Amino acid sequence: MTDIAARTAQIKDRRLELMARMSSVDQELGAHGSPDWEDNAVEHEEDETLEALGLAAQKEILMLDAALKRIEAGEYGFCVTCGNDISEQRLDLLPATPFCRNCAQ
């Protein structure tokens, strides 16, 4: 199994990246407000994309927080559905996943 300290650091680093992204999205959303109707329409479309990115970041942060709680509880790396080990390859790709490959399908 991967070193838990290294996995914890990986998860925390990703969480910090997402928090920075959310802050950037919030700043960008607050900076709009062109008086020109056409520019305003384009900004509105961009806002929808930014909001989607922000929501995706929020969802991933919740998953990362849950993974950190599983680490603290000594339950990280085990599927929450069946209790089997989650493969290292899967955790390398999706460090916050609570499911083994079979249960995720």
* Asked: Across segment 76-92, which residue is surrounded by the most Cβ atoms within 10 Å (Cβ to Cβ) among those that are in contact with a Phe, Trp or Tyr (Cβ under 8 Å, 6 or more places away or on another chain) and hydrophobic (A, V, I, L, M, F, W, C)?
  -> I86
* Inside segment 53-103, can you point out the residues that are more than 20 Å from A5 (Cα to Cα), in contact (Cβ under 8 Å) with a residue 12 or more places away in the chain and among the small types (G, A, S)? -> G54, A57
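Would you point out which residue out of L62, L68 is of a type outside the set (S, T, Y) and either surrounded by 13 or more Cβ atoms within 10 Å (Cβ to Cβ) or modelled with pLDDT under 95 (or both)?
After applying the criteria, what remains is L68.
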* Does segment 30-45 include one or more residues that are at pLDDT 75 or above and surrounded by 11 or more Cβ atoms within 10 Å (Cβ to Cβ)? -> no
* Applying the selection to segment 93-105, what residues are within 14 Å of I11 (Cα to Cα) and either exposed (fewer than 12 other Cβ atoms within 10 Å of the Cβ) or hydroxyl-bearing (S, T, Y) (or both)? -> L93, T97
* To do: Please indicate, with yes or no, whether at least one residue in segment 2-17 is at pLDDT 80 or above, farther than 30 Å from F99 by Cα and out of contact with any His (no Cβ under 7 Å at 6 or more places or on another chain).
  => no
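The values are calculated or read from the model by the stated rules, or taken from the named source; none is laboratory data. Here the structure is a predicted model, which means the values were calculated and not measured. Because the Cβ atoms are built from the backbone with ideal geometry, glycine has one as well, and the counts that use them run over all protein chains shown.
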